[in-house]
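Asks: Here it is, the structure, as structure tokens.
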Amino acid sequence: MFSISMEKGPALTLLYGAYAAVSVILSISHYWFGHYDILLINLVTISVLSFAAIFSSMNRNQSYSKYINVLTLTAIALLMQYQLSFQPDLTIQWIYTFPIFAYFALPLSWAYALNITMLLSSFSQLILIYDLQVCIRLMLIYVLIDSCSLCYAYLNAEKQKRLLDLAVTDYQSGAYNSRFLLNILHQEIARSLVTKRTLSLFAMSIDDYQQILEIHGRDISVKVLKEFRLKLVTLLRAGDEIFYNGKGTFYILLPNCPMEGVMVLRERLQQHLDEIHWGDVGELQLNTGLATLKSNENAENFLQRASEQVHKQQQMTLRMLAFNH
């Protein structure tokens, strides 16, 4: 339903640029010492890296960047393999840098597959050049560098995932937070304009949540919120997402769901949730609001309409209680 990525474009641009600059220096050195057989390969490498650096600095579409990166590294790997056949001593040093480069620029699975291919291809050529003992030693060094790079990339990916979860998740309920809700609303509204599909937002507020927090304490209140979210998950479709505003109100984003479907969902949720006994808290009084996206409506107004529906039902409930007394 959504995707978020932590940008590393500037660092990747710098890495491509630095690699190209080093290749320029090496090309001058090769020309100076008469290594004309690999000069053309270096010039092609410079062209590939320069293009990748320029593209990475100008492009902001992550899906395009991923494919450009894999094409760039595949081209570099092929050039290294070609040069390895007649300049093994010089090329093997560059091959050792390839795992670090690959795991930085590519997704883990892609980088791992590319490095395994590089390892097997290099071994099949080196076994024809060196004796078996030397060949195994060179490949063990490559495997060691590859393993260290893989471990670092995996730990870094897990750290980024945890940071991302902390940034978009409400720690009390486990649902996405309200700030992330606005970001997703902008994306889904733009998608709805293109696909012409309906988009609805359902709000469900726990009445007097602040009073529950004051009477029963934070631990019990947080437990109720987590159980409430888990119960909602079992009653919703696979593509529906749950958000929490930190003040007792849950929002459910419903792509491709017209108003009639939202009203049926409201009846179903209220019927199931009213039958649940929430431990020391007892029964929960719930207020609901729902809205379907209008033409030319922005995310803020869309969210406000659903919230106003909740507020109106709260006021109506208070008036009915006052009337009964």
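Asks: If you scan the stretch 244-271, which residues turn out to be part of a strand (DSSP E or B) and either under 16 Å from Gln309 (Cβ atoms) or over 29 Å from the mean Cα position of the chain (by Cα) (or both)?
Replies: Thr249, Phe250, Tyr251, Ile252, Leu253, Leu254
Asks: Could you check the stretch 285-305 and list, in sequence order, the residues that are among the aliphatic types (A, V, I, L, M) and part of a helix (DSSP H, G or I)?
Replies: Ala299, Leu303, listed by residue number.
Asks: Output the residues belonging to the stretch 86-127 that are farther than 20 Å from Tyr64 by Cα, among the small types (Gly, Ala, Ser) and touching a residue at least 40 places away in the same chain (Cβ under 8 Å).
Replies: Ser121, Ser122 - these are the residues of the stretch 86-127 that are farther than 20 Å from Tyr64 by Cα, among the small types (Gly, Ala, Ser) and touching a residue at least 40 places away in the same chain (Cβ under 8 Å).
Asks: A further question on this structure: Quick check on Phe180: is it more than 28 Å from Ala18 (Cβ to Cβ), among the aromatic types (Phe, Trp, Tyr) and in a helix (DSSP H, G or I)?
Replies: Numbers: more than 28 Å from Ala18 (Cβ to Cβ): yes; among the aromatic types (Phe, Trp, Tyr): yes; in a helix (DSSP H, G or I): yes.
Considered against the rule, which asks whether it is more than 28 Å from Ala18 (Cβ to Cβ), among the aromatic types (Phe, Trp, Tyr) and in a helix (DSSP H, G or I), Phe180 comes out as yes.
Asks: Among Tyr171, Tyr152, which is the only one that is over 30 Å from Lys294 (Cα atoms) and assigned to a loop (DSSP other than H, G, I, E, B)?
Replies: On the way: Tyr152 fails: assigned to a loop (DSSP other than H, G, I, E, B).
Residue meeting the stated conditions: Tyr171.
Asks: Can you work out which of the residues in the stretch 192-220 that are assigned to a helix (DSSP H, G or I) and touching a residue at least 24 places away in the same chain (Cβ under 8 Å) is nearest to the chain's Cα centre (by Cα)? Explain how you work it out, then say what you get.
Replies: Filtering the stretch 192-220 for residues assigned to a helix (DSSP H, G or I) gives 192-195, 209-220.
Filter once more, so that each one left must be touching a residue at least 24 places away in the same chain (Cβ under 8 Å): 192, 209-210, 212, 216, 220.
Values: Ser192: 21, Tyr209: 32, Gln210: 34, Ile212: 35, His216: 37, Ile220: 32 Å.
Looking at residues that are assigned to a helix (DSSP H, G or I) and touching a residue at least 24 places away in the same chain (Cβ under 8 Å), I get Ser192.
Asks: Right, another one. Take Tyr112 and decide whether it is surrounded by fewer than 13 Cβ atoms within 10 Å (Cβ to Cβ) and within 21 Å of the chain's Cα centre (by Cα).
Replies: no
Asks: Further question: Somewhere in the stretch 291-304, is a residue in the same structural domain as Asn183 (by TED's automatic domain parsing), touching a residue at least 60 places away in the same chain (Cβ under 8 Å), at negative phi and among the polar types (S, T, N, Q)?
Replies: Yes.
Asks: Hey, which of the helices (runs of 4 or more DSSP H) in the stretch 52-131, taking only ones fully inside, have at least 2 residues that are modelled with pLDDT under 90, closer than 24 Å to Ala157 by Cα and among the polar types (S, T, N, Q)?
Replies: 62-84
Asks: Is there a residue being more than 16 Å from the chain's Cα centre (by Cα) and at pLDDT below 90 anywhere in the stretch 163-170?
Replies: yes
The values are calculated or read from the model by the stated rules, or taken from the named source; none is laboratory data. Quantities reported herein were computed from a predicted structural model and do not represent experimental measurements. A quick note on method: Cβ atoms are made from the backbone with ideal geometry, for glycine too, and the neighbour counts reach across all protein chains shown.
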